[in-house]
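Note sheet for the following structure.
Quick note: the coordinates plus some simple rules give every number you see, no bench work behind them. Please read all numbers here as calculations on a predicted model, not as lab measurements. Note that we place each Cβ from the backbone using ideal geometry, even for glycine, and neighbour counts take in every protein chain shown.
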Amino acid sequence: MSWKEVELTKVHRLFYPQVPVILTAEFEERVGGMPAIWCMPLSFSPPLVGVAVSPAHETYKMILGARAFGLNWLSFPYAEKIGELGEISGGRSDNKLSEFGFTAIKGEHTAQPILTEASAVMECVLRERYRTGTHELIIGEVVRAAATDDFKDYWDFSV
């Protein structure tokens, strides 16, 4: 096997392509959202998830204020819109999600925004956070999860 060296500043790209989730939060009447690639399950019991987020992002600041957040999985037809969402800062908008044509409703358990366009959603309560270099790992306890009929214990991609 012949390999070429990868610059250490680009090592994270070896993990791509990945499906981004849309990380959402609302605090003080401002609604934010951003694509997040670095998201993972952490524990079965309690159900915990982790998301790596730069503290520079407005959505991160909203999560800290709200102490809760939403995770939203969108299907491929939304790929372009997801990319656009990640290119613009939410610092100039009171509702970044609606600005990009998404419809957010308040989650049943956290009142945090979840997207009606999503194939799956999670509502999470912020449990812990750890600085990990340029990003912070925010750990949320999942208090609600819901998905379309395409999910039957696993995704079957039939719908």
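For Arg144, what residues show an amide H to amide H distance below 5 Å, using hydrogens built from the backbone and excluding near sequence neighbours?
Amide H neighbours of Arg144: Glu123.
With charges set only on the Cβ (+1 for Lys and Arg, -1 for Asp and Glu), what does the dipole of the range 22-89 come to about its Cα centre, in debye to the nearest 20?
240
Hey, what number do you get for the chain at 222 nm if only DSSP H runs of n ≥ 4 count, each worth -39500 (n - 2.57), divided across all residues, to the nearest 500?
On the way: 3 runs with 22 residues, N = 159.
The per-residue figure over the chain is -3500 deg cm²/dmol.
If we count every other residue with Cβ under 12 angstrom of His109's Cβ, Lys/Arg +1 and Asp/Glu -1, where does the sum land?
Net charge around His109: -1.
Put +1 on the Cβ of every Lys and Arg and -1 on every Asp and Glu Cβ in the chain; which of Leu85, Tyr60, Gly32 then has its Cα farthest towards the positive end of the dipole?
Tyr60
Rounded to a whole number, what is D in µm²/s for the range 74-147 from Stokes-Einstein with the Kirkwood radius over alpha-carbon pairs (10 °C, 1.306 mPa s)?
113
Find the Cα radius of gyration of the chain, compare it with 2.2 N^0.38 Å by division, and give the number to two decimals.
For the chain, the normalised Cα radius of gyration comes out at 1.05.
Residue-wise, which Karplus ³J(HN,Hα) couplings in Hz belong to the range 11-26, taking 6.51 cos²θ - 1.76 cosθ + 1.60, θ = phi - 60°, and x for glycine or proline?
Per residue, the Karplus-derived 3J(HN,Hα) values read 4, 4, 6, 5, 7, 7, x, 10, 8, x, 9, 9, 8, 10, 7, 9 Hz.
Mind putting a number on the dipole of the range 19-147 about its Cα centre? Charges go on the C-beta only, +1 for Lys and Arg and -1 for Asp and Glu, and I need it in Debye to the nearest 20. Present the calculation step by step, with values, prior to reporting the outcome.
Values: 11 positive and 15 negative charges, 61 e Å.
Approximately 300 debye in magnitude.
Taking 7 Å along the Cα-to-C-beta vector as the label spot, tell me the Phe151-Gln18 distance in nanometres, rounded to one decimal.
According to this spin-label approximation, the distance is 1.8 nm.
Amide H to amide H, which residues 5 or more places from Arg127 or on other chains are under 5 Å from it, using H placed in the peptide plane?
Ile139, Gly140, Glu141
If the chain between Lys4 and Thr103 were fully stretched, how many nm would it gain, using 0.36 nm times the residue separation less the Cα-Cα distance?
31.2 nm
What are the ³J(HN,Hα) couplings of the range 79-87, residue after residue, when phi is run through the Karplus curve with 6.51, -1.76, 1.60 and θ = phi - 60°? Round to Hz, x for glycine and proline.
Once rounded to whole Hz, the list reads 4, 5, 5, 4, x, 5, 4, x, 8.
Identify the chymotrypsin sites (Phe, Trp or Tyr not before Pro) of the range 85-155 meeting these criteria: DSSP loop state and at most 13 other C-beta atoms within 10 Å of the C-beta. Present the calculation step by step, with values, prior to reporting the outcome.
Details: sites: Phe100, Phe102, Tyr130, Phe151, Tyr154, Trp155; in loops: Phe100, Phe102, Tyr154.
When the chymotrypsin sites (Phe, Trp or Tyr not before Pro) of the range 85-155 are filtered for loop state and at most 13 Cβ neighbours within 10 Å, Tyr154 remain.
Which of the chymotrypsin sites (Phe, Trp or Tyr not before Pro) across the range 29-63 are loop residues per DSSP, with 12 or fewer other Cβ within 10 Å?
Listed in order of number, the matching sites are Phe44.
Hey, if you put +1 on the Cβ of every Lys and Arg and -1 on every Asp and Glu Cβ in the chain, which of Tyr130, Leu115, Val51 ends up farthest toward the positive end of that dipole?
Tyr130
Within the chain, what's the longest run with no GluC sites (Glu not before Pro) in a DSSP loop and at most 14 other beta-carbon atoms within 10 Å? Give the range, please.
30-107
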